[in-house]
Amino acid sequence: MITDSTTTITSTSRLSYDHVESPLGRFTLVADAGGRLVAAGWTDETTDGRMAGRLQLFARRPDAEFVHTSNPGGLSAALAAYFAGDLDAIEKLTIAESTGTPFQRSVWRALRAIPCGETRSYGEIARAIGRPAAVRAVGLANGSNPICIVVPCHRVIGANGKLVGYGGGVERKRWLLAHESGSAVAAVPRAPRTAAAPSRA
């Protein structure tokens, strides 16, 4: 089962989770034992469900303890600062490249190279990684990104300038881009919270 961070850890590895209260609703993050981000995102019913699914998988891993930890590796504080307006607070956060194919990881690294306040199209990302014909595959990798905001998949838009999809909901994407560009942002209606985290079966 999920335990509190004061519980003795006897498994081979440990994953920590925490929540940040954001203007867009409760944001959940997961870190490894070294304080590196493993996953981050929203889990309410306005999302595509991927982050909630990841939490379920983490909670059921037989080789790792899944515990609630306050501000693991300083990640929660950095994300709270980002939401409060310190956009540089997340730029140097360390992520764990523990998931994804080599191609997906190359796309995710390219996403982190997009400057805050700017956007790129899927085609531009494909060219940036040296795979100009792989626009569709870039889109799929972008959608599979497990670390929202810090790996800024929200900064990728359609070639025609449209926002297109976003796992956290397109209104959140609109808010994030406005937040980063310094534009006025409107409140996003919040969906009801889901459970804090899943329990082991």
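Each value in this text was obtained by applying a stated rule to the coordinates, not by laboratory testing. Just so we're clear, the structure is a prediction, and the values are computed from it rather than from any experiment. Here the Cβ positions follow ideal geometry from the backbone for every residue, glycine too, while neighbour counts run over all protein chains shown.
Residues whose amide H comes within less than 5 Å of that of residue 147, counting only those at least five positions distant or on another chain, are 40 (H built at 1.01 Å from N in the peptide plane). Each residue of segment 78-90 was assigned a 3J(HN,Hα) from its phi angle through the Karplus expression (A = 6.51, B = -1.76, C = 1.60, θ = phi - 60°), giving 5, 5, 4, 5, 4, 5, 7, x, 8, 5, 7, 4, 9 Hz with x at Gly and Pro. Note: relative contact order over the chain, using C-alpha pairs below 8 Å and six or more positions apart, is 26 percent. Relative to the current alpha-carbon distance between residue 98 and residue 84, full extension at 0.36 nm per residue lengthens the span by 2.1 nm. Here the Karplus relation 6.51 cos²θ - 1.76 cosθ + 1.60, evaluated at θ = phi - 60°, turns the backbone of segment 47-57 into coupling constants of 8, 7, x, 5, 5, 4, x, 5, 4, 4, 5 Hz, with x for every Gly and Pro. Note that segment 171-183 has calculated 3J(HN,Hα) couplings of 5, 5, 4, 4, 5, 4, 5, 5, 4, 6, 8, x, 7 Hz, one per residue in order, obtained from phi through the Karplus relation 6.51 cos²θ - 1.76 cosθ + 1.60 (θ = phi - 60°); glycine and proline are x.
Net charge of the neighbourhood of residue 150, taken over other residues with C-beta under 11 Å away and scored Lys/Arg +1, Asp/Glu -1, is +2. In whole percents, the pair-distance distribution calculated for the chain from its alpha-carbon pairs, binned every 5 Å from zero, is 1, 8, 16, 20, 20, 16, 10, 6, 2, 1, 0.
Over segment 102-181, the pair-distance histogram of Cα-Cα distances with 10 Å bins from zero comes to 20, 60, 19, 0 percent, rounded to whole numbers. Using the alpha-carbon atoms, what tilt in degrees (0 to 90, nearest 10) does helix 102-112 show relative to the longest principal axis of the chain? Taking Cα atoms only, the helix is inclined about 70 degrees. Residues whose amide H lies under 5 Å from that of residue 156, counting only those 5 or more places away or on a different chain, are 120; hydrogens are built 1.01 Å from N in the peptide plane.
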